[in-house]
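A short worksheet on the structure shown next.
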Amino acid sequence: MLTKIPCFFDFTQFIELASAIGDRVPGPCYVTVNPLTQNDMLSIVEAAHRLHRTFTEQSGPRELIVSIPATEAGILAAQALEREGILTSLYLVTSLVHAQACVEAGVSAISVSARSLLDLYERKRKTVYQEPNNNPGIEVIQTIVAYFKHNNIRTTVTVTDFRSVAEIGLLSECDAVCVSEEQAARLKWSQVPTALHYSEQPRVRLRAEQAKYPTNLLTRKGGFSTWFSPQSRSLTMDILHDALQILQKQMIVLEHVVEEEIIRYVKLEKQSGCDSSKMMEADGMWPHLSTTSADGKEVETFSLSNLANNSIVMDEVF
């Protein structure tokens, strides 16, 4: 009987899906590192190397962008990867200074979650803004976009997770938006007021022009905590903590699904006397199984080739 299976899972398996649909989808392919590695720079870099290597082997020269959470470890990992020629995108960027740190790292793209930022401002101010333009989060994102344009920064700015179509219009100066199917349909048939150019928004323009460029945030002693004002630091930590906790919970659920599937195949093997590797191969799981000895106990290690380098280790005797 199996009693415990620690499961270490990554997103490499989705490379096969990306390769399969690559010819039908224009533009670069984005892949995400496991959010459970958010505070471990070396683990992020290693995961990015695996993803990049697997994608290159299966898809050839097509452009790949590795998406990484914009924690301190994530920003430093992205900087190291970009120096190696691996393109990166940092997500959950929360403020102008946060975006400045990403620019200093030399990343190819950043993304800002409109919902996370606007919701947090409303919670902190205990106010629900009827007009989206009155939410301070809109001005924060507009200032980030204006800063990039004013300084001719080539990093792409994408805004994601909009709460309303009106917010999309207010942030139309960014390089790209990620919208739901419903929002895309509404945009097709609706007239949505768009934002003024930043040069016509005095507060936004002033903040963008006064902000330092280039910066030296990544070389400053004290690390992440010294980059922000107390208010910006609180905002950033709240958004990163909340969003990454959700991602981590989703990742744990995904790990559990894989764990349960492995247990099911092992039990079937023991009951039927069949080779579980052949059974799993027939179902498209392509496993590699090996048995080793650890401290005198029998330990079975299961590595699925379509979950490259992501192993499920059974550390209890059954």
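Since every read-out is calculated from the coordinates, none of them should be taken as a lab result. A quick note: this is a predicted structure, and the numbers were derived from the prediction, not measured. In this analysis, Cβ positions are derived from the backbone assuming ideal geometry, glycine residues included, and neighbour counts consider all displayed protein chains.
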Pairs to check: K124/K188; K124/K149; K149/K249. Give those whose C-alpha atoms are more than 32 Å from each other in this structure. K124/K188; K149/K249
How many nm separate the modelled label positions at D175 and L42, each set 7 Å beyond the Cα in the direction of the Cβ? 3.2 nm
Distance between modelled label sites at E131 and K212, nm, 7 Å Cα→Cβ extension: 3.6 nm
Spin-label model distance (nm) - S199 vs E182, 7 Å beyond Cα toward Cβ: 3.9 nm
Applying 1/(1 + (r/R0)^6) with R0 = 35 Å to the Cβ-Cβ distance of R53 and I153, what FRET efficiency is obtained, to the nearest 0.05? 0.75
How much length is gained on full extension from E84 to Q248, taking 0.36 nm per residue of separation minus their Cα-Cα distance? 56.3 nm
